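> Okay, here's the structure, questions in a sec.
The values are calculated or read from the model by the stated rules, or taken from the named source; none is laboratory data. Keep in mind that what you see is a predicted model, and the values were worked out from it rather than measured. All Cβ positions, even for glycine, are placed from backbone atoms using ideal geometry, and neighbour counts span all protein chains on display. Side chains included, ligands, DNA and RNA excluded: accessible areas come from the protein's heavy atoms. Shrake-Rupley method; radii C 1.70, N 1.55, O 1.52, S 1.80 Å.
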Amino acid sequence: MPLKESEAIVLRTYPLREADLLVTLFTRTEGKVRGVARSAKKSKKRFGGALEPLTYVRAYWDDRERQELARLDSCEVLESPLARQVTYPRAVALGHLAEVLDELLPDREANDAVFRLTLTVLEQLAGDRIWMPLTYFQLWMTRLVGFLPELSGCVACGAELNGSRAFYHALVDGLMCAEDKRLASSEMSRESRAVAGEMFRAPIENFAAVEWPKARAADLRKFLVQTLERHLEKKLVTAGMLERISC
Amino acid sequence: MPNFAEPMTRLIDELKKLPGVGSKSAQRLAFHILRSSEDDAEALAAAVRDVKAKLRLCSVCNNITDVDPCVYCSNPTRNHRLVCVVEEPTNIGAIEKTRHFNGAYHVLHGSISPLHGVGPEQLRLSNLFRRIDAGEVDEVILATNPTVEGEATAMYISQQIRRPAVKVTRIATGIPVGSDIEYADEVTMLKAMEGRREL
């Protein structure tokens, strides 16, 4: 059987047996594929640095009959996260992308929009400038997997929120007006809602020159992470680490 | 699994917990121990007990040792103002094999790994910073692995050190000696070009 070939993004690797690695790839043509890279732990000859998380590769694999795991034959690096400086904030941001993609994407279901989104966000993730690409990724990812609620109306009464205060709560699927907000709700600023609107209309490159400290749209990011975690029914490990980053 | 006598089953179950040991290997090892002499079995049991009872971390560098400070930290012929930071105690052996490094070590016992929830606070960094603050160090060599996690760890430590009196260096990455450039992967080649030096 001929080898399958696709552009792919390496999401995670786990040690398997003595010298093998279990690799999760997000391939362009088949979505999330899990496969075994034989001897990848012991010998770096065939895979080199291609199996580092978030490396953009051209992957070659074959699916074995009646076996869930593919056999990863080789990977050719197209873009490596190691080509640019890996600061601590960037490492956590890369980890967050990998975790969100791994948790949200179903096996063997191609999703070209998410693939393109990931590539453009990876391009923008450099040095300590992580908050804009992360906001863009979380916002679009939540929308593309269908978890993003309507941001312009109150989820309880349906009133328009444009121009008025909006609140969110970890257990509520959407924004609420001041009258319907729950106890211990947090407010999402008008600026952050405007940022979301802008990000839906423009490519990520348009925001590249904008100064983006951690505080900017932090409430929007928190809302998006809560939305994702509510649907996943679990906490995202990297979300807590991102919160603790001080810059 | 066939029904073995209870002590045998217990031994197999314990051996199965070791990395890389499956049911079959555990059985084979258990039967080997059963057939070995009383002295050999006792020596094995004593070695396992001693590892847990006598080994601890060096209070200076976190290396695994039976004497505190460890052999590297207590050796007066070594340059203690030159500290090489490694991820695991096993990395020390690789550097010692060169027979060209005469400095001291610092073992982190891991690296920053966001996907596993490991941040800088989980690494053993405090005694390194104490040594630096006490003015005992001139140069820190960051010898973490050339992976995303190792690079992030090295970058984090270098940013935390930032003192004019302390030189911070990173080990080089590039083409392995005796290999062929033709077969080097893209990232390694890129790093080798970046790290080129003047002759």
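> Please specify each residue of the stretch B:165-199 satisfying the condition of being open to solvent by 100 Å² or more (accessible area, probe 1.4 Å) and part of a helix (DSSP H, G or I).
B:ILE181, B:GLU182, B:TYR183, B:MET193, B:GLU194
> Please specify each residue of the stretch B:122-160 satisfying the condition of being more than 18 Å from the chain's Cα centre (by Cα) and acidic (Asp, Glu).
Answer for the stretch B:122-160, where residues must be more than 18 Å from the chain's Cα centre (by Cα) and acidic (Asp, Glu): B:ASP133, B:GLU136, B:ASP138, B:GLU139.
> Quick check on my filter: what residues within the stretch A:227-247 are away from chain B (no Cβ under 14 Å) and under 25 Å from B:PRO120 (Cα atoms)?
Correct list: A:GLU229 only.
> Kindly check whether there is at least one residue in the stretch A:116-123 that is within 14 Å of chain B (Cβ to nearest Cβ) and closer than 26 Å to B:GLY174 by Cα.
yes
> Starting from the stretch B:102-129, take each residue that is more than 16 Å from B:VAL148 (Cβ to Cβ) and list its partners that are among the hydroxyl-bearing types (Ser, Thr, Tyr), counting only C-beta distances under 6 angstrom and pairs at least six apart or across chains.
Close Cβ pairs satisfying both conditions: B:ALA104/B:TYR72; B:TYR105/B:TYR72.
> Here's something else I'd like to know. So, B:GLU136, is that one open to solvent by 30 Å² or more (accessible area, probe 1.4 Å) and under 12 Å from B:TYR156 (Cβ atoms) or not?
no
> Please find, within the stretch A:62-114, the residue that is surrounded by the most Cβ atoms within 10 Å (Cβ to Cβ) out of those that are within 8 Å of another protein chain (Cβ to nearest Cβ) and under 14 Å from the mean Cα position of the chain (by Cα).
A:ALA91
> From the list B:LEU115, B:LEU199, exactly one residue is more than 27 Å from A:PRO53 (Cα to Cα) and of a type outside the set (Gly, Ala, Ser). Which is it?
Going through B:LEU115, B:LEU199 in turn, the sole match is B:LEU199.
> Condition check: of a type in the set (S, T, N, Q), open to solvent by less than 10 Å² (accessible area, probe 1.4 Å) and modelled with pLDDT of 95 or more. Does A:THR135 satisfy that?
yes
> Ok, one more. Scan the stretch A:23-34 and give yes if some residue there is more than 29 Å from B:SER179 (Cβ to Cβ) and crowded, with 24+ Cβ neighbours inside 10 Å, otherwise no.
Yes, the stretch A:23-34 has at least one match.
> I would also like to ask the following. Which one of the conditions (1) modelled with pLDDT under 95; (2) open to solvent by less than 80 Å² (accessible area, probe 1.4 Å); (3) over 25 Å from B:PHE101 (Cα atoms) does B:LYS54 fail to meet, given that it meets all the rest?
That leaves (2) as the condition not met.
> Something else: If you take the residues of the stretch B:143-170 that are of a type in the set (A, V, I, L, M, F, W, C) and either closer than 27 Å to B:GLY117 by Cβ or without any contact (Cβ under 8 Å) to a residue 24 or more places away in the chain (or both), which of them is farthest from the other protein chains (Cβ to nearest Cβ)?
Out of the qualifying residues, it is B:ALA143.
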